[in-house]
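Before any comments, here is the structure.
The values are calculated or read from the model by the stated rules, or taken from the named source; none is laboratory data. These figures come from a predicted structure and were not determined experimentally. No Cβ is skipped: glycine too gets one built from the backbone with ideal geometry, and neighbour counts run over all protein chains shown. All accessible areas refer to the heavy atoms of the entire protein, side chains included, with ligands and DNA or RNA removed. Shrake-Rupley method; radii C 1.70, N 1.55, O 1.52, S 1.80 Å.
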Amino acid sequence: MGPIEMEFAVELRKDATARAGFKAWVVSAEARGGVATTGIQRVKFTVTPRVAGGGDLLIAGSADRAEGPGDVSGFIEP
């Protein structure tokens, strides 16, 4: 199995809004103003899977193999 590349992006937004208005009988008026700032942070990294001894992780199989992981009793501790 070769290198796996991952990238994450996080957007942070800060909004500020001001509103003012008046109402009198059937006449009304309203004004709004706003400011927004946005910042995007990106994190990108590459990992290469290895077996516990440090060698490459090899994946192989055949079409007639049964589905699922099979017997994992020697690999997973209770």
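What is the residue count in region 1-22 for residues that are modelled with pLDDT under 80, among the hydrophobic types (A, V, I, L, M, F, W, C) and open to solvent by 100 Å² or more (accessible area, probe 1.4 Å)? Counting residues in region 1-22 that are modelled with pLDDT under 80, among the hydrophobic types (A, V, I, L, M, F, W, C) and open to solvent by 100 Å² or more (accessible area, probe 1.4 Å) gives 2.
Just so you know, in region 36-61 the residues that are exposed (fewer than 10 other Cβ atoms within 10 Å of the Cβ) and modelled with pLDDT under 75 include one that is farthest from A9 (Cα to Cα), and it is G61. Of everything in region 23-35, what is assigned to a strand (DSSP E or B) and either over 33 Å from the mean Cα position of the chain (by Cα) or at pLDDT below 70 (or both)? Give them in sequence order. Of everything in region 23-35, those that are assigned to a strand (DSSP E or B) and either over 33 Å from the mean Cα position of the chain (by Cα) or at pLDDT below 70 (or both) turn out to be K23, A24, V27, S28, A29, E30, A31, R32. Filtering region 62-71 down to residues that are among the small types (G, A, S) and over 30 Å from the mean Cα position of the chain (by Cα), which residue is most open to solvent (accessible area, probe 1.4 Å)? Filtering region 62-71 for residues that are among the small types (G, A, S) and over 30 Å from the mean Cα position of the chain (by Cα), the one most open to solvent (accessible area, probe 1.4 Å) comes out as A63.
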